[in-house]
């Protein structure tokens, strides 16, 4: 169902890699921040398998990509960025990952969570990287049933004092069946700025702005927005 008109007090974004949120939802994040929502990022990996410059030692990539994600987040007004430290390209829906996402949910206590789709999108296969699918599946497992269940991952309560927390408002990006489209036309410059902060991933893209504008124009058309508008697309659902 479409989201309520109420602004979330706190929102948590869970993605597999640095830059995922900026490609998929930077304009929407900028909208939320402007509305007063406090946004936290939880990034499962350091993106250590990313980058294309052979002159950069691979051991330096994790620190580079963490710094890039923090800079991109700051461009949108997000200051709380957390990394779980899993290996890029090897993410699986493990109990450890479910527990670690549940921990962040209980710490942040968000009203809303934005995750990647656990369903493959055959029309946009790039959105369905195996790590994206795993991050999305683990995140929705953390939403239901893990984070809300005081008896799931008992060490979170027993050792860390983290009480169960229920998230009801779930937004999914990159999936095959969006039902909600956010007009982000006015935030295009911020989205471009956030993506350019990921220099190791986007510096070679001379057509970066044109590329994302094309994607967002197509999303706006799918969502029946007025001609000339740009949108980001989501499946939005309410979890009882």
Ranked packing of 205-217, 137-149, most packed first, by mean Cβ within 10 Å: 137-149, 205-217
Coarse-grained scattering of the chain at q = 0.09, 0.12, 0.14, 0.17 Å⁻¹, given as base-10 log I(q)/I(0) from a Debye sum over alpha-carbon atoms: -0.35, -0.64, -0.88, -1.32
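Arrange the following residues from fewest to most other Cβ atoms within 10 Å of their Cβ: 64, 105.
64, 105
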Fraction in percent of alpha-carbon pairs per bin - 10 Å, region 75-156: 17, 46, 32, 5, 0
Å³ per residue enclosed by the Cα convex hull of region 127-209: 173 Å³
Helix-only [θ]222 nm of the chain, DSSP H runs n ≥ 4, -39500 (n - 2.57) each, per residue, nearest 500: -11500 deg cm²/dmol
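If packing is taken as the mean number of other Cβ atoms within 10 Å per residue, what is the order of 226-232, 43-49, 116-122, highest first? Please list the in-between numbers first.
Working: 226-232: 16.6, 43-49: 23.4, 116-122: 19.3.
Packing order, densest peptide first, comes out as 43-49, 116-122, 226-232.
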For region 135-163 and region 38-58, distance of Cα centres in Å: 26 Å
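Grab the eigenvalues of the alpha-carbon gyration tensor for region 33-97, scale each by 5, take roots, and send me the semi-axes largest first in whole angstrom.
Working: eigenvalues 115, 62, 11 Å².
After diagonalising the Cα gyration tensor, the semi-axes are 24, 18, 7 Å.
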Neighbour-count ranking [beta-carbon atoms within 10 angstrom, fewest first] of 171, 165: 165, 171
Length gained when the stretch residue 125-residue 155 is fully extended (0.36 nm per residue, less Cα-Cα span): 7.1 nm
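What ranking of 83, 151 emerges when the number of other C-beta atoms within 10 Å of each C-beta is taken as an exposure proxy, fewest first? Write down the numbers at each step before the final one.
Numbers: 83 18, 151 9.
Ordered by Cβ neighbours within 10 Å, fewest first: 151, 83.
For region 98-238, what does the equivalent ellipsoid look like in terms of its semi-axes, each the square root of 5 times an eigenvalue of the Cα gyration tensor, given largest first in whole Å?
Details: eigenvalues 210, 57, 40 Å².
They are 32, 17, 14 Å, listed largest first.
Which semi-axes, in whole Å and largest first, does the equivalent ellipsoid of region 22-163 have when worked out from the alpha carbon gyration tensor as the square roots of 5 times its eigenvalues? Don't skip to the end; give the middle numbers.
Numbers: eigenvalues 122, 73, 55 Å².
Working through the eigenvalues yields semi-axes of 25, 19, 17 Å.
All of the numbers you see were taken from the coordinates with simple rules; none came from a lab. All figures in this text were calculated on a predicted structure; none of them were measured in a lab. Here Cβ is always computed from backbone atoms with ideal geometry, including for glycine, and neighbour counts include all displayed protein chains.
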